[in-house]
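To start, the structure itself, in structure tokens.
The values are calculated or read from the model by the stated rules, or taken from the named source; none is laboratory data. Note that the structure is predicted; figures quoted are calculated from it, not measured. So basically every Cβ, Gly included, is an ideal-geometry build from the backbone, and we count neighbours across all protein chains shown.
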């Protein structure tokens, strides 16, 4: 059966995350419903990862199989965007190798966390409004230490069913962009709730409530209870997924 990658973006405010859940609106459910109706066959999509309730994605991939190859993918993108919720935008659909997997073939993922320092009605639900001063330099010094960390258990949601809590973080930095404070973190994989827990703990450093040495003590403790509270969901975006070119059909 032909397999396709679908690239999309979504505002997660009105959804209980990506993954299908009983009696709750999810992005996966919306996408499967739209594809099944337009293609006139039951379509199941497999996403590149989970996002929690209220979390957004500016770059998200999923794969799906069809009985017969799609003649015009651009037309399908157009039809999907006319039919699907305005909170979801379909960017592209491309045929991939039959064994390509949206989740397992991803080699790198990038998340961004956005904080606004002044109340802004146009970022309501799309960024975390934080009142108070933050020591960005200290937060960046602490964030840079994450590049040498291997085990991120201290930032993982408790009692999750994962085989390993090891991750390879290759970028972690804060930037002030036009009155929006943006934290960017890139890694080969992420644990559930990891980014929000990292952000929440770095905010403790920024507030002066935790030293950089204490931040590393949290990391080395491997205990979620030692880290800070998770930052609110509305500021988090899955912003980039990278795949090897070999998964795509030429």
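Answer yes or no: is there a residue in the range 37-44 that is surrounded by fewer than 17 Cβ atoms within 10 Å (Cβ to Cβ), in contact with a strand residue (DSSP E or B) (Cβ under 6 Å, 6 or more places away or on another chain) and free of Cβ contacts under 8 Å to residues at least 60 places away in the same chain.
No: the range 37-44 contains no residue that is surrounded by fewer than 17 Cβ atoms within 10 Å (Cβ to Cβ), in contact with a strand residue (DSSP E or B) (Cβ under 6 Å, 6 or more places away or on another chain) and free of Cβ contacts under 8 Å to residues at least 60 places away in the same chain.
Determine whether the range 101-109 contains at least one residue that is free of Cβ contacts under 8 Å to residues at least 40 places away in the same chain and either surrounded by fewer than 15 Cβ atoms within 10 Å (Cβ to Cβ) or within 30 Å of residue 250 (Cβ to Cβ) (or both).
For the range 101-109, residues free of Cβ contacts under 8 Å to residues at least 40 places away in the same chain and either surrounded by fewer than 15 Cβ atoms within 10 Å (Cβ to Cβ) or within 30 Å of residue 250 (Cβ to Cβ) (or both): present.
So in the range 213-250, with the set limited to residues that are at pLDDT 95 or above and part of a strand (DSSP E or B), which one is farthest from residue 56 (Cα to Cα)?
242
Pull up the range 13-26, narrow it to residues that are closer than 14 Å to residue 45 by Cα and in contact with a helix residue (DSSP H, G or I) (Cβ under 7 Å, 6 or more places away or on another chain), then point me to the one that is surrounded by the most Cβ atoms within 10 Å (Cβ to Cβ).
Taking the candidates together, the pick is 18.
Within the group 143, 154, 172, which residue is free of Cβ contacts under 8 Å to residues at least 60 places away in the same chain, outside any loop (DSSP other than H, G, I, E, B) and within 18 Å of residue 226 (Cβ to Cβ)?
143
How about the range 175-194: which of its residues are assigned to a loop (DSSP other than H, G, I, E, B) and either exposed (fewer than 14 other Cβ atoms within 10 Å of the Cβ) or more than 22 Å from the chain's Cα centre (by Cα) (or both)?
Selection gives 178, 179.
Out of 100, 127, 89, 94, which single residue is more than 15 Å from residue 60 (Cβ to Cβ) and assigned by TED's automatic domain parsing to the domain that holds residue 17?
100
Is there a residue in the range 195-207 that is part of a loop (DSSP other than H, G, I, E, B), in the same structural domain as residue 161 (by TED's automatic domain parsing) and surrounded by fewer than 19 Cβ atoms within 10 Å (Cβ to Cβ)? Break it down into steps so the answer makes sense when it comes.
Our first condition is that a residue be part of a loop (DSSP other than H, G, I, E, B); within the range 195-207, this holds for none.
Checking the range 195-207: not a single residue is part of a loop (DSSP other than H, G, I, E, B), in the same structural domain as residue 161 (by TED's automatic domain parsing) and surrounded by fewer than 19 Cβ atoms within 10 Å (Cβ to Cβ).
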